[in-house]
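Every number here is computed from the coordinates shown, using simple stated rules; none is lab data. Bear in mind the structure is a predicted one, so any value in this text is a computation, not a measurement. Neighbour counts are summed over all protein chains in view; Cβ atoms, including those assigned to glycine, are modelled from backbone coordinates with ideal geometry.
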Amino acid sequence: MTRSDEEAVVEIYRAENWAMVERDQATLERILAETMTLTHMTGYVQPRQEWIAQIMDGKMKYYSSTEERVFDVVVEGDQASLVGQNRVKASVWGGGVSTWPLQMRVNLKRQAGRCQIVSQVGQYLLI
């Protein structure tokens, strides 16, 4: 594990947060594995393509994602993980605009020379 590997993993996490706010479908498709799932704080496990489609059609509208901290960055062989804490301002599935303090456990895997997010589990962060 090198410092540059850890930095690259954190940059993928940051790119995802930027891409969901900017509705950048190409970036999301590049950094999210085809089999990626996102477990929402409600417990709903959402497949990658459904999540991307809902970002693009506005059912999940992200206005901002402000990083609080990233920690527990681990890189072991072709696997990596991290925990990120962000304040996410969004309107989700027809609800009003709210800002949530969220913690996301992100798991990544290097495949075919490219590191992608393979799963994510979000939790409401009690502060």
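In summary, Asp24 fulfils each of the numbered conditions (1) free of Cβ contacts under 8 Å to residues at least 12 places away in the same chain; (2) at positive phi; (3) not β-branched (Val, Ile, Thr) with the single exception of condition (2). Residue check: Met56 meets all listed conditions (1) touching a Phe, Trp or Tyr at 6+ places or on another chain (Cβ under 8 Å); (2) within 22 Å of Ser98 (Cβ to Cβ) but one, namely (1). Looking only at residues of region 79-100 that are surrounded by fewer than 19 Cβ atoms within 10 Å (Cβ to Cβ) and β-branched (Val, Ile, Thr), we find that the one that is farthest from Ala53 (Cα to Cα) is Val83. Screening Gln111 against (1) within 10 Å of the chain's Cα centre (by Cα); (2) touching a residue at least 60 places away in the same chain (Cβ under 8 Å) leaves a single unmet condition, (1). The test for being within 17 Å of Ile31 (Cα to Cα), outside any loop (DSSP other than H, G, I, E, B) and among the β-branched types (Val, Ile, Thr) holds for Val106.
Which is free of Cβ contacts under 8 Å to residues at least 60 places away in the same chain, surrounded by 15 or more Cβ atoms within 10 Å (Cβ to Cβ) and of a type outside the set (A, V, I, L, M, F, W, C), of Gln103, Gln116, Gln123? It is Gln103.
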